[in-house]
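The values are calculated or read from the model by the stated rules, or taken from the named source; none is laboratory data. Only a predicted model underlies this, so the values are computations on that prediction, with no experimental measurement involved. Backbone-built Cβ (ideal geometry, glycine too); neighbour counts: all protein chains shown.
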Amino acid sequence: MKRLLLLSAALAALPIPAVVPAIAWAHHSYAMFDMNKTVVLDASVTRFKWQNPHAFIEVDVTVKGGTEHWAIEMTAPNNLVQEGWKRTSLKPGDKVRIWVHPLRTGARGGSYAGIRLPDGSTLGDVS
(Lines give C-alpha, C1' and ligand atoms only; values in the text may rest on other atoms or scores of the structure.)
Protein backbone atom coordinates (compact mmCIF):
# COMPACT_ATOMS: atom_id res chain seq x y z
CA MET A 1 0.00 0.00 0.00
CA LYS A 2 2.81 2.39 0.91
CA ARG A 3 4.54 1.57 -2.38
CA LEU A 4 1.34 2.32 -4.34
CA LEU A 5 0.95 5.65 -2.54
CA LEU A 6 4.54 6.67 -3.35
CA LEU A 7 4.13 5.64 -6.98
CA SER A 8 0.89 7.64 -7.25
CA ALA A 9 2.55 10.73 -5.78
CA ALA A 10 5.52 10.42 -8.14
CA LEU A 11 3.26 10.07 -11.19
CA ALA A 12 1.15 13.02 -10.11
CA ALA A 13 4.26 15.22 -9.86
CA LEU A 14 5.57 14.35 -13.34
CA PRO A 15 3.81 17.20 -15.20
CA ILE A 16 5.13 19.88 -12.83
CA PRO A 17 8.63 20.25 -14.39
CA ALA A 18 6.99 20.70 -17.80
CA VAL A 19 4.62 23.41 -16.57
CA VAL A 20 6.99 25.52 -14.44
CA PRO A 21 9.31 26.62 -17.30
CA ALA A 22 6.28 27.60 -19.40
CA ILE A 23 4.97 29.78 -16.57
CA ALA A 24 8.38 31.40 -16.05
CA TRP A 25 8.77 32.05 -19.78
CA ALA A 26 5.30 33.57 -20.03
CA HIS A 27 6.05 35.92 -17.13
CA HIS A 28 9.07 37.31 -18.96
CA SER A 29 7.36 37.90 -22.30
CA TYR A 30 7.96 41.24 -23.98
CA ALA A 31 4.94 40.84 -26.27
CA MET A 32 3.28 43.98 -24.92
CA PHE A 33 6.23 46.11 -26.05
CA ASP A 34 7.16 47.00 -29.63
CA MET A 35 10.75 45.76 -29.49
CA ASN A 36 11.31 46.88 -33.11
CA LYS A 37 10.67 50.51 -32.22
CA THR A 38 12.66 52.79 -29.91
CA VAL A 39 11.42 56.11 -28.55
CA VAL A 40 13.85 58.61 -27.01
CA LEU A 41 12.45 60.68 -24.15
CA ASP A 42 14.00 63.78 -22.58
CA ALA A 43 12.46 63.52 -19.17
CA SER A 44 12.46 64.37 -15.50
CA VAL A 45 12.50 61.44 -13.07
CA THR A 46 9.52 61.40 -10.72
CA ARG A 47 10.15 58.01 -9.12
CA PHE A 48 12.73 55.21 -9.28
CA LYS A 49 11.42 51.94 -7.83
CA TRP A 50 14.20 49.46 -7.09
CA GLN A 51 12.11 46.34 -6.53
CA ASN A 52 11.69 42.71 -7.55
CA PRO A 53 10.71 41.26 -9.89
CA HIS A 54 11.20 44.42 -12.02
CA ALA A 55 12.53 47.88 -11.27
CA PHE A 56 10.60 50.87 -12.69
CA ILE A 57 11.43 54.42 -13.68
CA GLU A 58 8.58 56.91 -13.72
CA VAL A 59 9.22 60.12 -15.65
CA ASP A 60 7.48 63.27 -16.79
CA VAL A 61 8.02 64.35 -20.38
CA THR A 62 7.28 67.92 -21.47
CA VAL A 63 5.25 67.99 -24.68
CA LYS A 64 3.46 70.71 -26.58
CA GLY A 65 0.49 71.58 -24.44
CA GLY A 66 1.55 69.90 -21.22
CA THR A 67 3.27 66.99 -19.57
CA GLU A 68 3.07 63.24 -20.17
CA HIS A 69 3.75 60.76 -17.38
CA TRP A 70 5.55 57.58 -18.51
CA ALA A 71 6.19 54.32 -16.60
CA ILE A 72 9.25 52.44 -17.82
CA GLU A 73 9.64 48.77 -16.88
CA MET A 74 13.15 47.46 -16.29
CA THR A 75 14.68 44.10 -15.51
CA ALA A 76 15.35 42.80 -11.99
CA PRO A 77 17.72 44.77 -9.73
CA ASN A 78 20.27 41.92 -9.67
CA ASN A 79 20.54 42.19 -13.48
CA LEU A 80 20.73 45.99 -13.33
CA VAL A 81 23.64 45.85 -10.86
CA GLN A 82 25.59 43.81 -13.41
CA GLU A 83 25.02 46.65 -15.92
CA GLY A 84 26.32 49.27 -13.49
CA TRP A 85 23.07 50.42 -11.87
CA LYS A 86 22.76 51.19 -8.15
CA ARG A 87 19.72 51.73 -5.96
CA THR A 88 20.81 55.39 -5.87
CA SER A 89 21.43 55.85 -9.62
CA LEU A 90 18.34 58.06 -10.00
CA LYS A 91 16.38 60.40 -7.78
CA PRO A 92 13.28 62.54 -8.32
CA GLY A 93 14.08 65.65 -10.32
CA ASP A 94 16.99 64.14 -12.26
CA LYS A 95 16.98 65.16 -15.93
CA VAL A 96 17.62 62.14 -18.16
CA ARG A 97 17.39 60.99 -21.74
CA ILE A 98 15.88 57.50 -21.84
CA TRP A 99 15.55 55.03 -24.71
CA VAL A 100 12.35 52.99 -24.50
CA HIS A 101 10.60 50.24 -26.46
CA PRO A 102 7.02 51.59 -26.28
CA LEU A 103 3.87 49.72 -25.35
CA ARG A 104 2.01 48.38 -28.38
CA THR A 105 -1.23 49.89 -27.05
CA GLY A 106 0.09 53.42 -27.40
CA ALA A 107 -0.17 54.02 -23.65
CA ARG A 108 2.64 56.06 -22.10
CA GLY A 109 4.96 53.31 -21.00
CA GLY A 110 7.57 50.93 -22.25
CA SER A 111 10.49 48.65 -21.71
CA TYR A 112 13.82 50.24 -20.72
CA ALA A 113 16.53 50.05 -23.36
CA GLY A 114 19.10 52.61 -22.19
CA ILE A 115 19.62 55.90 -20.39
CA ARG A 116 21.88 58.95 -20.29
CA LEU A 117 22.23 59.89 -16.62
CA PRO A 118 22.48 63.48 -15.31
CA ASP A 119 26.29 63.22 -15.16
CA GLY A 120 26.40 62.33 -18.88
CA SER A 121 27.26 58.66 -18.40
CA THR A 122 25.16 56.04 -20.15
CA LEU A 123 23.79 52.63 -19.24
CA GLY A 124 22.16 50.10 -21.55
CA ASP A 125 21.60 50.50 -25.28
CA VAL A 126 21.65 54.18 -26.25
CA SER A 127 22.30 53.73 -29.97
List, please: which pairs have Cβ atoms under 8 Å, are six or more places apart or on different chains, and start with a residue in the range 113-127 that is under 10 Å from Val40 (Cα atoms) and end with one that is of a type in the set (Lys, Arg)?
Ile115/Arg97; Val126/Arg97; Val126/Arg116
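Taking the conditions exactly as written (modelled with pLDDT under 95 and not in a loop (DSSP other than H, G, I, E, B)), does Trp25 satisfy them or not?
yes
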Every residue in the range 69-91 that is in a loop (DSSP other than H, G, I, E, B) and in contact (Cβ under 8 Å) with a residue 12 or more places away in the chain, please.
Met74, Thr75, Ala76, Glu83, Gly84, Trp85, Arg87, Ser89, Leu90, Lys91
A careful count of residues in the range 51-60 that are surrounded by 13 or more Cβ atoms within 10 Å (Cβ to Cβ) and touching a residue at least 24 places away in the same chain (Cβ under 8 Å) gives 3
The conditions are (1) at pLDDT 95 or above; (2) surrounded by fewer than 11 Cβ atoms within 10 Å (Cβ to Cβ), and Pro15 fails exactly one of them. Which is it?
(1)
Going through the range 93-116 one residue at a time, which ones are farther than 14 Å from Met32 by Cα, surrounded by 12 or more Cβ atoms within 10 Å (Cβ to Cβ) and not β-branched (Val, Ile, Thr)?
Asp94, Lys95, Arg97, Trp99, Ala113, Gly114, Arg116
Would you call Ser89 buried (at least 18 other Cβ atoms within 10 Å of the Cβ), of a type in the set (S, T, N, Q) and modelled with pLDDT of 95 or more?
yes
Looking across the range 54-104 at residues that are out of contact with any Gly (no Cβ under 7 Å at 6 or more places or on another chain) and of a type in the set (Gly, Ala, Ser), the single one that is farthest from Pro118 (Cα to Cα) is Gly65
Check whether at least one residue in the range 65-73 is at pLDDT below 95 and over 15 Å from the mean Cα position of the chain (by Cα), and report yes or no.
yes
